[in-house]
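Below you will find the structure I want to go over with you.
Every read-out reported here was derived from the displayed coordinates using simple, explicitly stated rules and does not represent laboratory data. For clarity, every value in this text was computed on a predicted model and none was experimentally measured. Don't worry about glycine lacking a Cβ; one is built from the backbone with ideal geometry, like all the others, and counts go over all protein chains shown.
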């Protein structure tokens, strides 16, 4: 994948842990991405009224609402957007991964993660979506 294409990505990170949020932002910005951060579902929905990210990173365990619920809400509210969804969680249960897939997640990253794991997960989500789109033609 071309570096120039990669640098044009805008990413909304929805993470309620301030330390994790700062870490995610630092990793992604260091890689050239434009990053918007929110800590709540409400904040994410307000941000999406203003920005159109190419990818949304969702923490599964948000405080007031799960990342799964937020993903569903976003897809219903913005059905015409071709946004990729990557879930982040400390849960390693197969049921969590299955739920994310059921909701249309493009990738699933287990915490704790390294910078390389986060960046490669995002790349894999884009490659997977491209393959899926090509197969659907």
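Mind giving me the FRET efficiency for residue 45 and residue 91? R0 is 25 Å, r the Cβ-Cβ distance, nearest 0.05 is fine.
Approximately 0.60, to the nearest 0.05.
Just want to confirm a number: the relative contact order over the chain, from Cα pairs under 8 angstrom separated by 6+ residues, in percent.
In percent, rounded to a whole number, it is 19.
Nearest 5 percent is fine: what portion of the DSSP beta bridges confined to region 19-137 is antiparallel?
0
Please find, in a Gaussian network model of the chain (springs between Cα atoms separated by less than 10 Å), the residue of 112, 53, 94 whose mean-square fluctuation is greatest.
Result for the chain, Cα springs under 10 Å: 94 fluctuates most.
Once you have all Cα-Cα distances for region 72-114, histogram them in 5 Å bins from zero and send the whole-percent values.
6, 21, 29, 21, 13, 8, 2
If you stretched the chain out fully between residue 133 and residue 82, how much longer would it get, using 0.36 nm times the residue separation minus the C-alpha to C-alpha distance?
Residue separation times 0.36 nm, minus the Cα-Cα distance, leaves 17.3 nm.
Can you give the Rg to Rh ratio of region 49-100, both from alpha-carbon atoms, with Rh computed by the Kirkwood formula?
So for region 49-100, dividing Rg by the Kirkwood Rh gives 0.98.
Continuing with this model, one more query. Return the distance in nm (one decimal) between the two label points of a simple spin-label model at residue 72 and residue 120, each offset 7 Å from Cα along Cα→Cβ.
3.3
Stretched out fully, how many nm does the piece from residue 52 to residue 110 gain, at 0.36 nm a residue minus the Cα gap?
18.4 nm
Shape verdict for region 8-87, please, from the Cα gyration tensor: rounded (a/c under 1.5), prolate (a/b greater than b/c) or oblate.
It comes out oblate by the Cα gyration axes.
Same structure, new question: With the contact rule set at Cα under 8 Å and sequence spacing of 6 or more, what percent relative contact order holds for region 77-124?
40
Taking just the alpha carbons, could you work out the radius of gyration and Dmax for the chain, both in angstroms?
Radius of gyration, then largest Cα-Cα span, for the chain: 13.9, 42 Å.
Over what distance in Å are the Cα centres of region 9-32 and region 81-137 separated?
With region 9-32 and region 81-137 each reduced to a Cα centre, they are spaced 16 Å.
Also, I was wondering about something else. Given 0.36 nm per residue, what is the gain on full extension from residue 30 to residue 65 after removing their alpha carbon distance, in nm?
Here the answer is 9.6 nm.
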